[in-house]
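Notes follow the structure.
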Amino acid sequence: MAYFADNLMYDKIESLSSLKSTLALLNKTTEDHLFVCSLCENKIWYFSDFDKIFDVKIDKDRGISLNNLINIVHPFDRDSLKLSMEDVKTGKSDTYNSECRLMNKDNEPVWISCKGIALKIDNKLYVTGRMSHQELSHMFNPLTGLFNQFRLMADLKEMYKGDIAGYLMMLNIDELSAINLNHGRNYGNALLKTIATFIEELPKVNAVYHNERSYFTIIIDAKTKDEVTEIYASIRDAVKDKCTISAGVVPLSKEFFSDENSLYDSLKLIVNKTKDYGRNSLLFFEEEEFQKVMSSASLLDELQKSVSENCSGFSLLYQPQLLSNIYSLYGAEALLRYTSKSGKKIFPDEFIPVLESSKLIIPVGMWVLKTALNQCKIWQKSIPNMHISVNFSMVQLRDESVVDDIVCALNEAGVAGECLTIEITESIPIHEMELVLSIIHQLKAKGIQIAIDDFGTGYSNLGYLNQMNVDEIKIDRMFVKDIDKSLQNCGVISQAIEFAKQNAMRVCCEGVETTKEISVLEMYSPHLLQGYLFDKPLTPDEFTCKYFDPTSVDYLNKQSFIKGLTLARNKSNKVQFNHKDILRDTNMGLWVMHKTNNNQNIELFFDETMERIMGLEEKLTPDKYYEFWHSRIKSDHVKYVDENFDLMTTLDKVVQLEYPWEHPTLGEVIVRSNGKVTNKSDNAVVIEGYHRIMSNIKEA
Ligand code: C2E
Ligand code: CA
Ligand code: CA
């Protein structure tokens, strides 16, 4: 054995007794237990107060039999201790290095780190070195005697230096504090000790750690999840009369976890997640979920780099918005795109959430706004009131300087506020409504238009929507899709459009894909249409070609497509009139007059437009409506009006008359009434017609 021949120390030790006296002297300088052990005599000599802490028989010579020592070693550690002794005995190793638990006089385990070297004196084999209970004192849990969190991390770190395999499982006793409260802390402590012992005895369990309170972590030598599940099940079953226990499991894998910290963090995360699944639950690390987290982390890295490089990799596409019925260009919505350095196109559904959660959407959003405004300014050379719509998310609106930044961008680009529409999604958290209202208020003061995006998908508070005083609502494409087949969607759209019109808002229907959808949609007369039927989002060049360059083929194709659309609609005679809208928009008030008992009883009914144009602010009974209308006819015209209304009852033709009438707020106006009998019996007659205030109509 080369080692012994070269060992200088060995040469200088003349006898066992001189070694002993040196060790006795040195032991006065340390808390450790210095020893020398004879592997031939099975004896070990100590020079400390070892026998005061541990229950051993020490002879006059300060020697203890090795059997006596092995008796106080924790049963689980005896085998590994014997093995390392064997290694020295057989010459396999010339150093001795082990950790084991010795049971102290109170029968509590104490972790001991033991280090020694082999040497020969008088041709006999000895090991000398030191045992330390200090070195490991902060590494184990005093209750169960198991290694703790510190040690777990140190061991994992060590493991990461080599190849790793198997699984790491963290167990948690469900609601240990409730168990302590109900049964007392001693009961809880005994339970922890029982579980610790049980787990240590399990096959395939390589190491057990008691991290803290109710948490244990075990290293499992298993190849499959099934094997791991079996181990978990045996623990769960063993404790089922006393408590329930949940567990999270991660594979020991360098591929998923680059170091011990990321491994442990993921494990902890999964164990915490078990709480959402109730008691006795076992959760495994899911690779798919991990890949998602990882890819969004690397996407974030890339996005960050792009932002710092003046938003390189980002670009804008523009989707046209057309006026319904005539299909001429109203404006465009700017839609953000991102191409990664590797050339992969990434869609907004993927990168917008990453931009939002990292708040990078704030600088990127400003880049979008500026780029879109500059583009709009170019297009305005051809269509001076070309509109541009830009999406803003809540994260952007929370930014303190958002209003100033928007106004500044507008000024820089030289675009009028009226040409910019800021699209805000419908789902604004209720507690942020005040903030959003104030931002809208400030933006509107600058003429900027506001649209509510994805209308119908959230739970819009119509009250707030009124207060917001927005200019446009964009009906989400889920309601537009297949509208020709869905009565329910028709209901949503007609109500939304009704609401918008009553509140003087513009309506844009998104996601129009088919001519069938258009023909149904236009029955409700929305203002704007946007969707793949007209165009997918286009690059600025494509957009320019299709909508601004009469010499380009794309432009001509577009024109003929629109012509075709109009023709097809006219041919199928499918133009749908929304009578109610037309009457309201042209201020034609409808009325019905009931006359009974030879004009003794006259009742008059107004529709809403009639009430509005006649300046009525309250609902009246039918006889009072008549009185209201009749009493305001200019006195010198009463006879003329009465005669003509009588004529309506006798003549089977439309009668038209005009007369001065005292309007409650406008003063004297000229009213034109048209009416005709629609029903008649012996003592009753019904006349229907419309009123219009002529002096209020602008001359053409
Ligand atoms: P959005 O604001 O609702 O935009 C409309 C989305 O519908 C766009 O998806 C558009 O390409 C798509 N679309 C338009 N017409 C049709 C159609 O006929 N059929 C179908 N199936 N889809 C149609 P895109 O571009 O993928 O944008 C997705 C979302 O990303 C946008 O939804 C918006 O919420 C967000 N986003 C896009 N650009 C920006 C931006 O610059 N800033 C912010 N904050 N969000 C943005
Ligand atoms: Ca939008
Ligand atoms: Ca939308």
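Which of the three applies to the range 475-551, rounded, prolate or oblate, going by the alpha-carbon gyration tensor with a ≥ b ≥ c and a/c under 1.5 meaning rounded? Provide the component values of the computation, followed by the final result.
On the way: a/c = 2.70, a/b = 1.76, b/c = 1.54.
Prolate, because a/c is 1.5 or more and a/b exceeds b/c.
Length available on full extension from GLU230 to SER21: 0.36 nm per residue minus the Cα-Cα distance, which gives 69.7 nm. Bridging of LYS124 to lysines at a Cα separation below 18 Å is possible for LYS12, LYS20, LYS43, LYS89, LYS92, once same-chain residues fewer than 8 apart are set aside. Here the range 372-424 and the range 195-271 have alpha carbon centers that stand 56 Å from each other. Can you return the lysines within cross-link range of LYS446? Criterion is Cα-Cα under 21 Å, with same-chain partners fewer than 8 residues away left out. Straight-line reach from LYS446, under 21 Å: LYS370, LYS377. The mean sequence separation of alpha-carbon pairs under 8 Å and at least six residues apart, normalised by the residue count of the range 638-700, gives a relative contact order of 27 percent. Average accessible surface for the chain: 52 Å² per residue, computed with a 1.4 Å probe over protein heavy atoms with every protein chain in place. For the residue pairs LYS115/LYS204; LYS57/LYS105; LYS305/LYS345, the C-alpha atoms sit more than 20 angstrom apart in LYS115/LYS204. Across the range 380-385, computed HN-Hα scalar couplings (Karplus, 6.51 cos²θ - 1.76 cosθ + 1.60, θ = phi - 60°) run 5, 5, 8, 10, x, 9 Hz from first to last residue, x flagging Gly and Pro.
Just to confirm a number: summing +1 for Lys and Arg and -1 for Asp and Glu over residues other than TYR626 whose beta-carbon lies under 10 angstrom from that of TYR626, what do you get?
Working: positive: LYS595, LYS624; negative: GLU603, ASP623, GLU627.
Local charge sum for TYR626: -1.
For the chain, the longest principal axis of the C-alpha atoms and the axis of helix 433-445 are separated by about 50°.
Mean sequence separation of contacting Cα pairs (under 8 Å, at least six apart), scaled by the length of the range 408-565, corresponds to a relative contact order of 15 percent.
What is the distance in Å between the Cα centroid of the range 121-141 and that of the range 549-567? After rounding, the separation between the Cα centres reads 92 Å.
Greater than 25 Å separation of Cα atoms is the criterion. Which listed pairs, LYS501/LYS653; LYS474/LYS536; LYS481/LYS558, meet it?
On the way: LYS501/LYS653 35 Å; LYS474/LYS536 17 Å; LYS481/LYS558 23 Å.
From LYS501/LYS653; LYS474/LYS536; LYS481/LYS558, over 25 Å: LYS501/LYS653.
The spacing between the range 278-332 and the range 445-505, judged by their C-alpha centroids, is 25 Å.
Packing-wise, with mean Cβ within 10 Å as the measure, how do 123-130, 329-336 rank, highest first? Please report the intermediate quantities before stating the final value.
On the way: 123-130: 17.6, 329-336: 22.9.
Going from most to least packed, we get 329-336, 123-130.
Computed with a 1.4 Å probe over protein heavy atoms only, the accessible area of LYS292 comes to about 150 Å².
Restricting to Cα atoms and excluding each atom paired with itself, what does the Kirkwood estimate give for the chain in Å?
Working: mean 1/r = 0.0289 Å⁻¹.
Computed over Cα pairs of the chain, the Kirkwood hydrodynamic radius comes out at 34.6 Å.
The values are calculated or read from the model by the stated rules, or taken from the named source; none is laboratory data. Computed from a predicted model, the values in this text were never measured in an experiment. Heads up, the Cβs are rebuilt from the backbone with ideal geometry, glycines too, and the neighbour counts pull from every protein chain shown. Note: accessible area is taken over every heavy atom of the protein model, side chains too, but ligands, DNA and RNA are not part of it. Shrake-Rupley method; radii C 1.70, N 1.55, O 1.52, S 1.80 Å.
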